[in-house]
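These notes are about the structure you will find just below.
The values are calculated or read from the model by the stated rules, or taken from the named source; none is laboratory data. None of these values were measured; they are calculated from a predicted model. Cβ: placed from backbone, ideal geometry, glycine included. Neighbour counts: every protein chain shown. Ligands, DNA and RNA are excluded from the accessible area calculation, which covers all protein heavy atoms including side chains. Shrake-Rupley method; radii C 1.70, N 1.55, O 1.52, S 1.80 Å.
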Amino acid sequence: MKDSQPKTIYLKDYQVPDYLVDTTKLHFELEPKATLVKSRLSIRRNPQAGAGLPPLVLDGVELELLSVAVDGVPLSAEDYQVLPEGLSIPVSKAEFLLEIQNRINPEDNTSLEGLYLSNDMYCTQCEAEGFRKITFYPDRPDVMSKFTTTIVAPMDHPVLLSNGNEIERGRSEDGRQFVTWEDPFAKPAYLFALVAGDLEQVEDSFTTASGRNVKLQIFTEAKNIGKCDHAMRSLKNAMRWDEEVYGREYDLDIFMVVAVDHFNMGAMENKGLNIFNSACVLASPETATDTAFQRIESIVGHEYFHNWSGNRVTCRDWFQLSLKEGFTVFRDAEFSADLNSRAVKRIEDVSLLRTTQFAEDAGPMAHPIRPDSYIEISNFYTLTIYEKGAEVVRMIHTLLGAEGFRKGSDLYFERHDGCAVTCEDFVKAMEDANQVDLQQFRRWYSQAGTPVLDVTDSFDQSEGIYRLTIRQSCLPSPGQTEKLPFHIPVRVGLLGNDGTDLALNEQGDTEIVLQLKETEQVFEFSGLAEKPLPSLLRGFSAPVKVRYNYSNEQLLFLMRKDADTFNRWDASQRLALNALCDLQAAFRKGEALKVQPSLINAYREVLQDTDLDPALVAEILQLPSEQFVAEESVAVDAEAIIVAREFVRKAIAVELFAEFRKRYLELNLSKPYSPNAIDIAQRRLKNTCLSYMCVTETEEALELAKSQFEVAANMTDSAAALAVIINYGEDRLAEDSISQFYQRWESDTQVVELWLSQQSCSPKRGTLENIIALMQHPAFEMKNPNKVRSVIGGFANRNFKQFHKSDGSGFEFVADQVLALDKLNPQIAARLVIPITRWKKYSGDLAEKMRGALQRVSDSGELSKDLFEVVSKSLL
Ligand code: BES
Ligand code: ZN
């Protein structure tokens, strides 16, 4: 344990900064182990901070301080105070120039925060509090400054980049080269970036709506130069989309993107110089799956959209993180929905939310989308801030309509351009632009937990009135025992006996948004001839759980007839969940397992429906994941979940084998690869069929997989075939295919990451011994987060069966790796520990074993702040 417990930071303690930094001039002399940083800051007393001249306190971590000067006069060590994580300098004037020199060590920086080296390339990551690892600075987002950056580097690092426009370049006397960049927009330090390396570039341009020409550049190592096209296309699409949908133009003459192999997150929106995890920007048909193509499009969009929602208007403090992330995830989701299949995108996002975010919201780290406190802000880049945050913005969009929402976003950007603001400012702009009252709605920002809606109904035949009664509740979460009712938009339709939507009002609307505000509310629909079947929460209009006592027959009916595509899918999921629930009960009682023929028939019908979007068919055929079933359980019985799910999957595969084969063969077309929505949908369904066929482990099925593996001309088909061979093929075949694939792709980092994760996610081969062996493979690297995520993260998060082995070996393994990683990269360690923090959710022995592994992490001596926060909160 540390001598002093890490300190908790509270939102209620927020104070404006004592000093502002009008301009920041940085000078870097790059050396792997000893980079020299010189900074010149023009500092000014913040007029809003009151009277007097308190000391200037700067943040600084792991820095070697060389010198400090005020207005050109060097200070001696007695003149200032060195703090454990910063510097305190006495102040005698309201305005002065502060000059600091310090040294840092990029080569030994394995935390990947601040300035570090990745494959010989220098790069930075400053969000959230990484700038303090570069130099002493008021490292908080409400201090915005105009940056000028000079980079000096040896000639073997010819490309030298920073934010804004290049204003000067040349040679220094000693043969090194320098470039100076100037960013005309004031920004917080977290948006600062620097890159230096031996890089190639792909170049293009974009003409904005107002006719300005913008240079677009993507930089990578030479070997990846052929993998930039898709990202470039996505970038141009994103720029056009933000102009069309939000009226937002790009504001600099140049926009740069750099790919790096070592990166803690997916990508970062630094002003004019986005830095991307290679896996989230590089793609070619031969090496990237459809999923990767779609992920790249949405992340490129996401980071680009931050230029307005995050950079031009930024966050006042890190409690407001969802202000930029929730809003920007909503923006990127709409971008993807507009460019691809809207229904499928919604299903994917809701699946993620309901499994992972709901679990987080019910677990030990539950927090509102605007948290009240944190120990380490890096731990709050969560699904709650991002995905639930996006749902909250979506609800505002639903309540105001597209036009009203646009009025609100226009006002927000206009009012707060160039400022660091709060979630409150966002809601206020939405209110003011539309003259609506969102007072109660604001509770979504302050209350954690997933609300539950209990819905009952009745029909008065004589009056023709149908009544829906909705009761809302929300369980306590850490620090919040009582919850007040939320303002919830519930989109509904009512199905008549023939399955068509009934008119719900005099205007003839067949779908309306109910405004649920009370704990219990009754909604009446009149003029109905028969009792309708409700279709509730269409399009998932709010991040809540709905309970309505549908019979299986009613679910089958909705699955066939609901006019809302999302709810058709949702009915299929509920139906499957019911089946899985019954099977778990039967398994525990030792009874024979069986699947209702009606379920199989429903799947048959969907599979044969060639009018339905194939991607949707694939989504419906996809059984709820083990994690989702676990999330829906009160006390998780991992073994029962696995047995039940495998049983249903096998039953479907056996019963519908002929139908799967037919559709597989129809869809198995050889045509040139294109990542468009239609082709992606066809491949998705085709590979779903292949996977089901292979569940039977018959020779016929595996022959199809083998030949697909051999002839596939794109990574989607190749990887899908490899996956089923690994999971269902005989050992010999699987091993041969694994090594054949590696030999072909060993020089391609992104493909190797996929190869690693397929093995660690395999319920069959992903046993612990295999994973431990994989960690000795030359392709594995503990200092590379992608590799760690592929192998260890894949095992803990996506290999439900092996991770939950009854002897607890999976949990102990994760505990060991977390401890090893904490010494290298605390952010990654704190993420990787999450799968063993949900022990309270499990029943019996497994809960004890999981808790034991977590306790061991806690007891093992000095933990990083990051890991300490997650572990200590989870043991309470
Ligand atoms: N600002 C974040 C990246 C970030 C967060 C870097 C925290 C370092 C610390 C970026 O905009 C982001 O949100 N990226 C996401 C991808 C996005 C599509 C949701 C990511 O990196 O996962
Ligand atoms: Zn973001």
In whole µm²/s, the translational diffusion coefficient that Stokes-Einstein assigns to the range 807-876, given a Kirkwood hydrodynamic radius over C-alpha pairs, 37 °C and 0.692 mPa s, equals 281 µm²/s
Just tell me which lysines come within less than 26 Å, Cα to Cα, of LYS594; anything on the same chain fewer than 8 places away is out. LYS650, LYS662, LYS764, LYS801, LYS805
Would any residue of the range 1-44 have its amide N under 18 Å from a label point 7 Å out along Cα→Cβ of LYS783? List them or say none. 31-35
With every protein chain left in place, what is the accessible area per residue of the chain in square angstrom, probe 1.4 Å? 39 Å²
I'd like the FRET efficiency for GLN608 and ARG467, computed as 1/(1 + (r/R0)^6) with the beta carbon distance as r and R0 of 41 Å, rounded to 0.05. 0.60
Quick calc of log₁₀ I(q)/I(0), the range 698-750, Debye, one scatterer on every Cα, no solvent, q values 0.24, 0.30 1/Å, result -0.91, -1.29
Normalising by the residue count of the chain, find the relative contact order in percent from Cα pairs under 8 Å and 6+ residues apart. 8 percent
Rounded to a whole %, the carbon-and-sulfur portion of the accessible area of the chain at a 1.4 Å probe is 49 percent
Given backbone amide H placed at 1.01 Å from N, residues whose amide H is under 5 Å from that of HIS367, ignoring those fewer than 5 places away on the same chain, are GLY449
Which value, in Å² and to the nearest 10, is the accessible area of TYR742 when all protein chains are kept and the probe is 1.4 Å? 40 Å²
Kirkwood estimate for the range 260-311, i.e. one over the average of 1/r between Cα atoms, Å: 11.4 Å
If amide hydrogens are placed 1.01 Å from N in the peptide plane, which non-local residues have theirs closer than 5 Å to the one on CYS315? VAL421
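As an exercise, use a Förster radius of 56 Å and the Cβ-Cβ distance of ARG588 and ARG103 to find the FRET efficiency, rounded to the nearest 0.05.
Working from the Cβ atoms, E equals 0.35.
Relative contact order of the range 486-542, please, whole-number percent, based on alpha carbon pairs below 8 angstrom and at least 6 residues apart.
50 percent
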Per-selection metrics, the chain (Cα): Rg and Dmax in Å: 28.0, 96
Looking at the chain, send over the antiparallel percent of its DSSP beta bridges, to the nearest 5. 80 percent
Order by protection proxy (mean Cβ within 10 Å, highest first), peptides 654-665, 107-118: 107-118, 654-665
Which stretch or stretches of the range 505-524 have amide N atoms under 15 Å from the point lying 7 Å from LEU577's Cα along the Cα→Cβ direction? none
Sorted peptide list for 691-699, 492-500, criterion being average Cβ within 10 angstrom, highest first: 691-699, 492-500
Taking a ≥ b ≥ c as the square roots of the Cα gyration tensor eigenvalues, with a/c under 1.5 meaning rounded and otherwise prolate when a/b beats b/c, else oblate, which class fits the range 133-266? oblate
Qualifying lysines (Cα of each under 26 Å from Cα of LYS25; at least 8 residues distant if same chain): LYS33, LYS38, LYS93, LYS133, LYS146, LYS187, LYS215, LYS271
Residues listed by number, the range 122-157, amide nitrogen under 12 Å from ASP22 label point at 7 Å toward C-beta: 146
Could you tell me which helices of the chain pass both thresholds, a Cα extent of 24 Å or more along their own axis and a mean Kyte-Doolittle hydropathy of at least -1.0, with helices taken as whole DSSP H runs? 321-339, 565-588, 638-655, 677-695
With contacts defined as alpha carbon pairs under 8 Å and 6 or more residues apart, what's the relative contact order of the range 56-176 in percent? 24 percent
What base-10 log of the normalised intensity I(q)/I(0) is obtained for the range 503-643 from the Debye formula, alpha carbons as equal point scatterers, at q = 0.09, 0.12, 0.18 Å⁻¹? -0.35, -0.61, -1.17
Shape call, the range 264-366: gyration tensor on alpha carbons, a/c limit 1.5: oblate
Linear extension gain, ILE772 paired with ALA209, 0.36 nm per residue minus alpha-carbon span: 197.3 nm
Can you list residues whose amide H is under 5 Å from ILE254's amide H, if they're 5+ apart or on another chain and H is modeled 1.01 Å from N? LYS215
Excluding residues fewer than 8 places away in the same chain, name every one of the lysines whose C-alpha is closer than 19 Å to that of LYS345. LYS388, LYS686
Taking the mean number of other Cβ atoms within 10 Å as a proxy for protection, how do you rank 25-32, 582-589 from highest to lowest? 25-32, 582-589
Simple spin-label estimate for ARG415/LYS662, 7 Å along Cα→Cβ, in nm, reads 5.9 nm
How far apart, in nm, are the 7 Å Cα→Cβ label points at ASN119 and ALA77? 4.3 nm
HN-Hα J in Hz across the range 103-117 - Karplus 6.51, -1.76, 1.60, θ = phi - 60°, x for Gly and Pro: 10, 9, 10, x, 5, 8, 7, 8, 6, 6, 10, x, 9, 9, 10
By the gyration tensor of its Cα atoms, with a ≥ b ≥ c the square roots of the eigenvalues, what is the shape of the range 569-667: rounded for a/c under 1.5, prolate for a/b over b/c, or oblate? prolate
Note down the nm distance, to one decimal, between modelled labels 7 Å out along Cα→Cβ at THR481 and at GLU646. 4.5 nm
Multiply the residue gap between GLU700 and SER446 by 0.36 nm, knock off their C-alpha separation, and tell me the result in nm, one decimal place. 85.9 nm
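Subtract the Cα-Cα distance of LEU53 and GLN439 from 0.36 nm times their separation in residues, and report this length gain in nm to one decimal.
135.1 nm
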